[in-house]
Amino acid sequence: MTEADLPAVHALERELFPEDAWSMEMLREELADQPRTRHYVVAEADGRIVGYAGLAVAVDQGDVQTIGVRADQRGKGLGAALLTALLDEAARRGADEVFLEVRADNPSARRLYERFGFERVGLRKRYYQPSGVDAVVMRRRARTGPVGFSRET
């Protein structure tokens with residue numbers, strides 16, 4: 001993801017997460033930390049951004065910051081491809097584990113994460129505002145030490 005991608009990513013962010021979309025400034029701040037502590041990628045189809053994802057890594061721990069795929073592009077493997085890119089980067093940076101939060105009312109996203117070896121480790125009550133939906137906290141540990149996130153799950 002580059003600065004030039006931000007208007008399209010922000011429009012998609014508002015479409016996908018209307019209640020709690022990140023502001024353009026939040027996206028810009030995340031991108032400003034790339035590549036030091038952040039890694040952001042986009043997915044394109046027909047020259048348009050149809051998905052995006054971001055990762056933060058500090059020392060040996062990664063956090064999936066966001067993943068979004070346009071509704072009409074779901075079911076085509078883009079979410080899995082974006083997540084794979086983040087996990088590959090986490091492994092490259094030496095992360096022993098990767099965490100994420102996912103809405104409790106989003107079973108398809110939870111299934112995707114479980115397919116990649118993420119396990120539920122906690123719950124954040126009323127995390128997503130203003131809806132008050134809980135966040136399921138999930139963690140994925142490296143399969144073979146500090147590097148080597150396996151895609152085979």
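The phi-based Karplus calculation (6.51 cos²θ - 1.76 cosθ + 1.60; θ = phi - 60°) puts the 3J(HN,Hα) values of the range 118-128 at 6, 10, 5, 10, x, 9, 9, 5, 6, 5, 8 Hz, whole numbers, x for Gly and Pro. In the chain, helices alone account for a calculated mean residue ellipticity at 222 nm of -8500 deg cm²/dmol, with every DSSP H run of four or more residues adding -39,500 (n - 2.57). The range 55-81 and the range 86-120 have Cα centres lying 8 Å from one another. Computed over protein heavy atoms with a 1.4 Å probe, the accessible surface of the range 1-110 works out to 48 Å² per residue.
If you take the square roots of the eigenvalues of the alpha-carbon gyration tensor of the range 65-147 and sort them as a ≥ b ≥ c, do you get rounded (a/c under 1.5), prolate (a/b over b/c) or oblate? It is oblate, given that a/c is not under 1.5 and a/b is not larger than b/c. Phi angles of the range 24-38 translate, via the Karplus equation with coefficients 6.51, -1.76, 1.60 and θ = phi - 60°, into HN-Hα couplings of 4, 5, 4, 4, 4, 5, 4, 5, 5, 8, 8, x, 3, 10, 10 Hz per residue; Gly and Pro are given as x.
The residue list 56, 67, 34 was ranked by how far each Cα lies along the charge dipole of the range 21-83 toward its positive end, using unit charges on Cβ atoms, and 67 comes out on top.
For the range 1-147, a crude dipole built from +1 on the beta carbon of Lys and Arg and -1 on the beta carbon of Asp and Glu, taken about the Cα centre, is about 580 debye to the nearest 20.
Shape verdict for the chain, please, from the Cα gyration tensor: rounded (a/c under 1.5), prolate (a/b greater than b/c) or oblate. Taking the square roots of the gyration eigenvalues as a ≥ b ≥ c, the chain is rounded.
Using 0.36 nm times the number of residues separating residue 84 and residue 131, minus their current alpha carbon distance, what extension gain do you get?
Working: separation 47, 0.36 × 47 = 16.92 nm, distance 2.94 nm.
Working it through step by step, the gained length comes to 14.0 nm.
The stretch between residue 3 and residue 104, if pulled fully straight at 0.36 nm per residue, gains 33.2 nm over its current Cα-Cα span.
For the range 31-153, with all protein chains present and a 1.4 Å probe, just round the carbon and sulfur fraction of the accessible area to a whole percent. Numbers along the way, then the final one.
Values: 2960 of 6440 Å².
Carbon and sulfur: 46 percent of the exposed surface of the range 31-153.
For residue 133, the residues whose amide H sits under 5 Å from its own are 128, ignoring neighbours fewer than 5 places away on the same chain, with H placed 1.01 Å from N. Converting phi to 3J(HN,Hα) with the Karplus coefficients 6.51, -1.76 and 1.60 and the offset θ = phi - 60°, the range 5-15 yields 7, 4, x, 5, 5, 5, 4, 5, 4, 5, 5 Hz in sequence order, with x at every glycine or proline. The longest stretch of the chain left intact once loop-based GluC sites (Glu not before Pro) with at most 13 other Cβ atoms within 10 Å are removed from consideration, loops following DSSP, is 20-151.
The values are calculated or read from the model by the stated rules, or taken from the named source; none is laboratory data. Being a predicted model, the structure only gives us computed values, none of them experimental. As a convention, Cβ positions derive from the backbone with ideal geometry for all residues, glycine included, and neighbour counts pool all protein chains shown. These area figures cover heavy atoms from the full protein model, side chains too; ligands, DNA and RNA do not enter into them. Shrake-Rupley method; radii C 1.70, N 1.55, O 1.52, S 1.80 Å.
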